Amino acid sequence: MDQSAVVSCSVPSAVVARFSQVVLALQARLRGGAITEFHAQALEQLQRLVAFDKAWWGNSAWRDGVPVAHSTFLLGLPGSYTQEWDALKAEDHALGDLHQEQGRCQLFDCRDQRAAPALAALGQRYGLAHGLRIVLTDDQTRLGVHLTLFREDPAAPFTALECQLVEWLMPHLLHAERESCLRTLATLRDSQGSFDETALAVCDRYGVLLSMEPGFAALLAGEWEGWQGNRLPPACDPQGTYQGRTLQLDAQPLGDLLLLKARRRSSAERLSARELEVAQCFALGQTYKEVARSLGMAPATVRHHLRRIYEKLGVNRKAQIAQQVAAAPD
């Protein structure tokens, strides 16, 4: 199904000029945009060098001899294509060579019945004739950044020159994608204000951190002593909400990625719902009896809750309770 591209060809001066223009666009304009728009804009630039009809760009981890997708961007293809390919990937025996030959293009006939009939049928269903693919490992996330380009015309295979151009451009695409993540965080920070107490990060659905503010790492290290690296701790669901001893972590979609917002939990947030009610009453200046009457509980129960409140807030006076409750987020 595949053959490694031979890329020892001369490059016309006009093509070199276009290549330089594309690299400049990646460095100057595209990497400054939002990550949700980056991939479409970068592929538009790539089409100035290599013509293609459809594309698949994403990040993946190599596990048990096959790639596991962490994030995906598709151009001209429905999501069902990657789902069907994922079910057949064990039959794609050229993947091992692609993984081993980092940064080298691999050409394949999407309808080659001799290699894998099921994959050939997949190509037929989606109107694919020729493919060019490449993978390069991001040294920060340790994920493979893969790019596959497709053509629909059976009479128009990819050329050695086109392979050479993609191989040259791939490191620039990877770097620009990383810079786009950073710029996205910077833009969000500007919109929230420099005094906002949250710290931001971008991750994929498996919790691999693609980019993060310094404060984000500090908050995670405060919750999990000694934490470091580029992946969320196992206790965190990257697509959900985490409430820990000192950390509140929320996620929202960012294209096929996730925007994470972390903040330090206030002491008052450690109180149970009933303890918080008691604390709010004392913060208003009520006495034991008034609190008991307001909440319908015995004075002894109020005293029990007050002891727990003092322990959790690390205070010993009712005036300090008022300060802690006032500082708690709504």
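What the table shows:
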| quantity | calculated |
| --- | --- |
| Qualifying residue in segment 190-197 (condition: touching a residue at least 40 places away in the same chain (Cβ under 8 Å) and within 22 Å of P253 (Cα to Cα)) | yes |
| Wholly within segment 46-126, helices (runs of 4 or more DSSP H) carrying at least 3 residues that are outside the structural domain of L257 (by TED's automatic domain parsing) and hydroxyl-bearing (S, T, Y) | 79-88 |
| Members of segment 121-150 found to be out of contact with any strand residue (DSSP E or B) (no Cβ under 6 Å at 6 or more places or on another chain) and buried (at least 17 other Cβ atoms within 10 Å of the Cβ), listed by number | L122, G123, Y126 |
| Enumeration of residues in segment 173-200 that are more than 19 Å from the chain's Cα centre (by Cα) and not aromatic (F, W, Y) | D190, S191, Q192, G193, S194, D196, E197 |
| Residue among Q248, Q252 that is without any contact (Cβ under 8 Å) to a residue 24 or more places away in the chain, touching a helix residue (DSSP H, G or I) at 6+ places or on another chain (Cβ under 8 Å) and not assigned by TED's automatic domain parsing to the domain that holds K312 | Q248 |
| Residues located in segment 216-236, provided they are small (G, A, S) and touching a residue at least 40 places away in the same chain (Cβ under 8 Å) | G222 |
| Subset tally (residues that are assigned to a helix (DSSP H, G or I) and loosely packed, with under 15 Cβ neighbours inside 10 Å) for segment 291-300 | 3 |
| Count - residues of segment 50-75 that are over 19 Å from D138 (Cα atoms) and either at pLDDT 95 or above or β-branched (V, I, T) (or both) | 8 |
| Enumeration of residues in segment 20-39 that are surrounded by 15 or more Cβ atoms within 10 Å (Cβ to Cβ) and either over 22 Å from R142 (Cα atoms) or not basic (K, R) (or both) | V22, V23, A25, L26, L30, G32, G33, A34, I35, T36, F38, H39 |
| Residues being among the charged types (D, E, K, R) and closer than 23 Å to R178 by Cα - total across segment 238-260 | 2 |
| Complete set of residues in segment 278-304 that are under 25 Å from R245 (Cβ atoms) and at pLDDT below 85 | V278, A279, Q280, F282, A283 |
| Tabulated pairs, segment 133-145, first in the same structural domain as T72 (by TED's automatic domain parsing) and more than 12 Å from L98 (Cβ to Cβ), second surrounded by 19 or more Cβ atoms within 10 Å (Cβ to Cβ) and polar (S, T, N, Q), C-beta under 6 angstrom, 6+ apart or interchain | L143/N59; V145/N59 |
| Some residue of segment 150-161 being of a type in the set (A, V, I, L, M, F, W, C), over 21 Å from F19 (Cα atoms) and in the same structural domain as S13 (by TED's automatic domain parsing) | yes |
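The values are calculated or read from the model by the stated rules, or taken from the named source; none is laboratory data. If you're wondering where the values come from, they're calculated on a predicted model, not measured in any experiment. Counting neighbours? That spans all protein chains shown, and the Cβs are built from the backbone with ideal geometry, glycine included.
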